[in-house]
1. Can you tell me which residue within the stretch 234-274, out of those that are at pLDDT below 95 and of a type in the set (G, A, S), is surrounded by the fewest Cβ atoms within 10 Å (Cβ to Cβ)?
2. For the stretch 242-259, which positions are of a type outside the set (D, E, K, R) and either in a helix (DSSP H, G or I) or within 17 Å of K17 (Cα to Cα) (or both)?
3. Among the numbered criteria (1) more than 27 Å from E169 (Cα to Cα); (2) assigned to a helix (DSSP H, G or I); (3) in contact with a strand residue (DSSP E or B) (Cβ under 8 Å, 6 or more places away or on another chain), which one does F147 miss?
4. Return the only residue of S58, S2 being over 19 Å from Q261 (Cβ atoms), touching a strand residue (DSSP E or B) at 6+ places or on another chain (Cβ under 7 Å), of a type in the set (S, T, Y) and touching a residue at least 60 places away in the same chain (Cβ under 8 Å).
5. Only one of A42, A25 is at pLDDT 95 or above, touching a helix residue (DSSP H, G or I) at 6+ places or on another chain (Cβ under 6 Å) and crowded, with 17+ Cβ neighbours inside 10 Å; which?
6. Please list, ordered by residue number, the helices (runs of 4 or more DSSP H) wholly in the stretch 1-119 having 2 or more residues that are within 14 Å of the chain's Cα centre (by Cα), among the aliphatic types (A, V, I, L, M) and under 23 Å from L247 (Cα atoms).
7. Looking at the stretch 206-233, which of its residues are part of a loop (DSSP other than H, G, I, E, B), buried (at least 18 other Cβ atoms within 10 Å of the Cβ) and without any contact (Cβ under 8 Å) to a residue 60 or more places away in the chain?
8. Of a type in the set (S, T, Y), on the phi < 0 side of the Ramachandran plot and either part of a strand (DSSP E or B) or in contact (Cβ under 8 Å) with a residue 40 or more places away in the chain (or both), is that true of T262?
Amino acid sequence: MSRIDATFAALKAQGRKALIPFVTAGYPYADVTPELMHAMVAGGADVIELGVPFSDPSADGPVIQKAGDKALAFGIGLVQVIAMVREFRKTNTTTPVVLMGYANPVERYDQKQARPGVASAFVKDASEAGVDGVLIVDYPPEECEAFAADLRAHHMDLIFLLAPTSTDERMQQVARVASGYVYYVSLKGVTGSGALDTNAVEAMLPRIRQHISTPVGVGFGIRDAATAKTISKVADAVVIGSKIIQLLENAPREQVGPVAQTFLQEIRTAMDLG
């Protein structure tokens, strides 16, 4: 059982839902991420999604794009992100960490770090650092079977996005290779865009569950405790990213952790009272 599976199983036994914050690695300060990750756990995070900075994102809205650009300017790449997870794991061996990003950094990493007898240097190094899951936005499920098998062999899960436009056929394709959880993108558009239609989300989840047995997290558009509480009643997890990035944008270095922790505590309390 992976750390992600164990986390969702424990939450289910408690009658609780997972809180999954997303932050961009290396933002808003190059060296703050491991400290920020610990603060988010203290605030109630059950799983952490760590964004890998990339110059040409297709799913990120302006808030997360700006954060990625700043992290890239600090020199943060996949090598540094894996090192951040390794640092976090020195004192936290239980909270699952998922790397979220795009194919280009992963494939470039494998090219630069290629070693004899190793199918994917990224998979090996990420596993050894303590990564539990990978979400590659632009990896379609029909082309990921070998990659998914390599991840599973290293005790990691491959996580996929689903959208309001996902067909039954696409969901079936995802179900064949996905593990850990799936991430339902509740809006048509990029991160941080539009207002969340909670009724539409509630109507979509039973359809997803007809095809997919892994837990379903919902993100894109969740910005406050009230919305998180509503979504947690129907989803297995609530994912929040852009709002956290916005809150951290102008925070002094010493306030980054406390700001994130306080915000997540509000979300966690609302979800648990739901």
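1. G274
2. If the condition is that a residue be of a type outside the set (D, E, K, R) and either in a helix (DSSP H, G or I) or within 17 Å of K17 (Cα to Cα) (or both), then S242, I244, I245, Q246, L247, L248, Q255, V256, G257, P258, V259 are the ones that fit.
3. Single failed check for F147: (1).
4. On the way: S58 fails: touching a strand residue (DSSP E or B) at 6+ places or on another chain (Cβ under 7 Å).
Unique residue meeting the criteria: S2.
5. The match here is A25.
6. On the way: elements: 3-14, 33-42, 62-73, 78-89, 103-112.
So the answer is 33-42, 78-89.
7. Taking the stretch 206-233 first, the residues part of a loop (DSSP other than H, G, I, E, B) are 212-215, 220-224, 233.
Among the residues that remain, those that are also buried (at least 18 other Cβ atoms within 10 Å of the Cβ) are: 212, 214-215, 220-222.
Within the stretch 206-233, I212, T214, F220, G221, I222 meet the criteria.
8. Answer is yes for this residue.
The values are calculated or read from the model by the stated rules, or taken from the named source; none is laboratory data. Keep in mind that this is a model prediction, so the values were computed, not measured. Please note: Cβ atoms are built from the backbone with ideal geometry, for glycine as well, and neighbour counts cover all protein chains shown.
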